1. If the requirement is being of a type in the set (Lys, Arg), surrounded by 15 or more Cβ atoms within 10 Å (Cβ to Cβ) and without any contact (Cβ under 8 Å) to a residue 24 or more places away in the chain, which of these qualifies: 415, 424, 384?
2. Of everything in the stretch 69-100, what is open to solvent by 20 Å² or more (accessible area, probe 1.4 Å), assigned to a loop (DSSP other than H, G, I, E, B) and either aliphatic (A, V, I, L, M) or at pLDDT 90 or above (or both)? Give them in sequence order.
3. Within the stretch 41-55, can you find the residues that are more than 10 Å from the ligand (Cβ to nearest atom) and of a type in the set (Val, Ile, Thr)?
4. Kindly indicate which of 151, 170, 121, 139 is under 24 Å from residue 231 (Cβ atoms) and surrounded by fewer than 17 Cβ atoms within 10 Å (Cβ to Cβ).
5. Which pairs turn up if I take residues in the stretch 349-369 that are closer than 17 Å to residue 54 by Cβ and look for partners that are part of a helix (DSSP H, G or I) and of a type in the set (Asp, Glu) with beta carbon separation below 7 Å, at least 6 apart in sequence or on another chain?
6. In the stretch 420-440, what residues are among the small types (Gly, Ala, Ser) and part of a loop (DSSP other than H, G, I, E, B)?
7. Among the residues of the stretch 502-534, count how many are among the basic types (Lys, Arg) and either open to solvent by less than 10 Å² (accessible area, probe 1.4 Å) or assigned to a helix (DSSP H, G or I) (or both).
8. Hey, among 262, 239, which residue is open to solvent by less than 40 Å² (accessible area, probe 1.4 Å), within 13 Å of the ligand (Cβ to nearest atom) and closer than 21 Å to residue 68 by Cβ?
Amino acid sequence: MHNLMDLANLIFPDVEMTLDDLEKRYPPRNLDDGCEVTRFAPSPTGFLHTGSLFTSLVAQKVANQSKGVFYIRLEDTDTKREIEGSGNDLIKQLKIFGVIPDEGYLGDHEEGKYGPYKQSARADIYKIVIKYLISIGRAYPCFCSHEDLDALRMSQEVSKVIPGYYGGYAKCRNFTIDHQIDLIKQGKPYVIRFKSMGDHNNKIEVDDLVRGHLLLSENDQDIVIFKSDGLPTYHFAHLVDDHFMRTTLVTRGEEWLPSLPLHVELFKTMEWKVPKYAHLPVIMKLDNGIRRKLSKRKDNEAACSFFLQDGYPVYAFKQYLFTIANSNYEEWQRDNKDLKLDDFKFTFEKMSLDGALFDIDKLKYFSKELLASYSGSKMKDAAKEYSKEYNQELYQLIVKDENYFTQIMSIEKNKENPRKDYEKYSDILEKVKFFYEPYFSNMVSEGLPYNENIDKKVIVDVLKDFVETLNYSVSEQEWFNNLKLLAERHNFAESNKVYKANKNQYLGSVNDVAEMVRISLTTSKQSPNIYYVLNILGDEEINRRIYLSINMLLK
Ligand code: GLU
């Protein structure tokens, strides 16, 4: 007759360390009460998902504001789903978004005393815990083949019972130790399952920081905790890692909520303190009136890189994600324009329960506000960094003459309410093209949209007068007064109001005059404030452009 220790030794003959050894190697962290240890635990299965970034930002924020520790752990035990190199890429992308952990997996290396932080490097640790669970009869080898499990699933479907490996359906659970040892010695393949003591009809009480007090059915499933490839499943790895890395608060996507009873049972079985949990809402999208999860395959917005490519500033994107995190964030930021995200106090109570709806307009709002607040030179630097990576055409314009570009980006920045010209960096090229050749000439050759109700000869006269008399090295106000005088010289009223009151007396108003100048200099009826455009273009270029127009008008 064999005992459980024989079984444990047969399965893990080389494992000599004990739980106590692990406790000593990974002692409780020396932190004050209230300091939270949080983590972000991505799997290396592809690009950085917007929902994952959201989760990581919350974990980081909670740790930072409690003066705790935020670490990153790479959950790479599902080798079939792993995409080569994506662990490293995730770290690089997280860094772009400022998600830099205090310790943990950092791509090409790791930092911290609670590692390794990559699950595939932790097999030895998992084995110690599994060996212990086998030795106390709370884990056992399961010899069921895929075919056995398929047959079980089908029979459960037919008899309409809850599917899974549990209770009377857990065939290998009640094998005698001798039988288990025999089968192993015969070389029968097996996995290790957790032996649940739960009853689905009983309820357990758990607190979730987002969802509050919950009453959930106990776990009764004997889930696989250790696969035949020598690696644990997520459930078991989470138990071991979050315990020995001394996580105090698990923040993760709400898709893990149904697993919570299982996780609670695992922690209780080990007599370890159950961490606090916060299951975060999934980011949804409105698709033909129906709410659905952002899909990796269908939605561009699912990948954080999409927003970088499209030219949204990182900070604005983070601000946007915080509106999903806390319903009061937007108002707080409006009321405290000078404060930064770091100053915002995040609370789980203010997190929405239903999946948050992705709202691109809100992102645009934050982005516009942010870009409007940048100085010309900051905008130049940011646009340069963006375009270097994503828009060579714009990049070439910027580096050709950084000063010139900075002047363009500085237009009306000195005003109290700076213009909100740009939603994202990718808007810039289209809006500044007219400052540059050969864009300007190409645009001119497509025709200039002068008001057809005004005689071309009049336009020519106005433009000539403009180029000969108007000095723009004066204040904006003075310049505009002079423009009014010029308008009057050509029979245009000094204001729209005056024109409207005496339509017969005038050809139009100063606005029409400004439009002629604007079109000649920029090819368009809409442009930034013309006074600033003049100052940027300078005498020679103004002359060239105005005479180009005059010649076209005279043709
Ligand atoms: N690796 C899991 C995932 O990517 C993480 C879940 C967790 O944070 O515990 O969904």
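The values are calculated or read from the model by the stated rules, or taken from the named source; none is laboratory data. Bear in mind that the values here come from a model prediction, so they are computed numbers and not experimental data. As a convention, Cβ positions derive from the backbone with ideal geometry for all residues, glycine included, and neighbour counts pool all protein chains shown. Protein only, heavy atoms only, side chains kept; ligands, DNA and RNA dropped before computing areas. Shrake-Rupley method; radii C 1.70, N 1.55, O 1.52, S 1.80 Å.
1. After ruling out the rest, the residue left standing is 384.
2. Selection gives 83, 98, 100.
3. 50, the sole residue that qualifies.
4. Answer to the check: 121.
5. Pairs found: 358/301.
6. Matches in the stretch 420-440: none.
7. Of the residues in the stretch 502-534, 2 are among the basic types (Lys, Arg) and either open to solvent by less than 10 Å² (accessible area, probe 1.4 Å) or assigned to a helix (DSSP H, G or I) (or both).
8. After applying the criteria, what remains is 239.
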